[in-house]
Amino acid sequence: MVEDRKQRRQLERETRDRLRRLSTQGIDPDGGIAHLVTLKKALLGLLDGGAPSRASDAAKFATQAYSQSVQRHTPQGQGELACRAGCSYCCHTFVSATAPEIFNLLRVLRAQHDDATLLARLRAADALTRDLAGDARLTAHHPCAVLKDNRCEAYDARPNTCRAFASLSLAACERSWAGQRSDIPVPTVNVQLRGSFDLAMRAALRSRGLDDRSIELNHGLLVALETPDSEARWLAGEDIFAGVAADPVEREQSDEKRAAFERVISAIENG
Ligand code: SF4
Ligand code: SF4
């Protein structure tokens with residue numbers, strides 16, 4: 001009994017240390033599996049806590065640690081980002097997020113709006129985007145449900161997909177918006193770290209038997225709001241997001257890529 005208590009305290013101390021270290025220093029994009037295992041353990045520390053909001057809390061930590069990692073590891077001479085407040089071409093496309101990120105985003109939106117107002121807004125956004133995929137979604141230019149007056153209303157809680165998508169060229173984003181072929185120059189460090197955080201979060205979720213898919217944001221937010229006790233039910237293993245479209249990049253992955261991805265996730269899970 002005394003041993004159990006000692007062990008629990010030791011685990012709590014280790015989790016606190018990891019969270020503190022990762023929140024201030026982030027992770028190194030070239031740190032390899034060891035860094036991803038550390039990140040996964042930090043996430044597990046949050047997911048295993050007793051808080052009813054532990055999925056949202058894990059996402060809040062992961063999104064903030066992601067931004068911290070980008071800030072610390074952006075190489076000198078990378079060039080200036082073109083992104084500015086009020087520029088929102090990138091908020092009019094398919095955006096996906098994990099369930100914990102959706103709960104975290106919804107928590108912030110619910111603190112700003114009453115549920116009836118929010119429900120009407122999410123239903124309106126989802127009605128426009130639910131069945132649009134691929135190029136049709138790109139060219140329709142329908143906004144993300146969280147966008148208001150061309151600004152993200154829950155910027156500090158935006159998912160890592162949004163944090164990762166930054167551009168070194170406004171002209172490239174404008175060309176893409178106009179329907180022209182355009183390779184948007186996204187900083188390499190953003191992409192690398194996006195992959196790292198995604199892998200660690202998914203390994204943590206799988207370790208606890210939770211759904212690790214990345215799903216369409218407008219519909220996901222609507223389901224999370226419409227489902228009573230959504231976060232608790234999801235944490236209990238209920239597949240509340242079963243009808244929400246998964247990220248097409250994941251769905252269309254080649255067998256070879258999927259197998260490589262699965263190998264890395266297993267290595268992190270078992271690390
Ligand atoms: S990624 Fe492009 S569209 Fe989005 S904020 Fe940056 S410059 Fe604007
Ligand atoms: S969550 Fe915010 S940053 Fe992300 S697409 Fe929506 S409005 Fe844009």
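The values are calculated or read from the model by the stated rules, or taken from the named source; none is laboratory data. Here the structure is a predicted model, which means the values were calculated and not measured. Ideal geometry is used to build each Cβ from the backbone, glycine not excepted, and the neighbour counts take in all protein chains shown.
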### Task
Please list, ordered by first then second residue, the pairs with beta carbon atoms under 9 Å, 6 or more apart or interchain, first in region 163-176 and within 16 Å of ligand 2 (Cβ to nearest atom) and at pLDDT below 95, second in a helix (DSSP H, G or I) and not hydroxyl-bearing (S, T, Y).
S176/C90; S176/L138
### Message
Looking at region 73-83, can you tell me whether even one residue there is within 22 Å of F241 (Cα to Cα) and outside any loop (DSSP other than H, G, I, E, B)?
### Response
no
### Message
Out of the residues in region 1-59 meeting the condition of being hydrophobic (A, V, I, L, M, F, W, C) and assigned to a loop (DSSP other than H, G, I, E, B), tell me which one is nearest to M201 (Cα to Cα).
### Response
I27
### Message
Would you confirm, using the coordinates I've provided, whether Q64 is surrounded by fewer than 21 Cβ atoms within 10 Å (Cβ to Cβ) and either farther than 25 Å from Q192 by Cβ or out of contact with any helix residue (DSSP H, G or I) (no Cβ under 7 Å at 6 or more places or on another chain) (or both)?
### Response
no
#### Entry: Selected residue (criterion: surrounded by the most Cβ atoms within 10 Å (Cβ to Cβ)) from residues of region 201-225 that are touching a strand residue (DSSP E or B) at 6+ places or on another chain (Cβ under 7 Å) and among the small types (G, A, S)
G220
#### Entry: region 111-122, subset within 16 Å of ligand 2 (Cβ to nearest atom) and more than 21 Å from R163 (Cβ to Cβ), residue surrounded by the fewest Cβ atoms within 10 Å (Cβ to Cβ)
H113
### Failed condition for N190, given (1) of a type outside the set (A, V, I, L, M, F, W, C); (2) away from ligand 1 (no atom under 16 Å from the Cβ); (3) surrounded by 21 or more Cβ atoms within 10 Å (Cβ to Cβ)
(2)
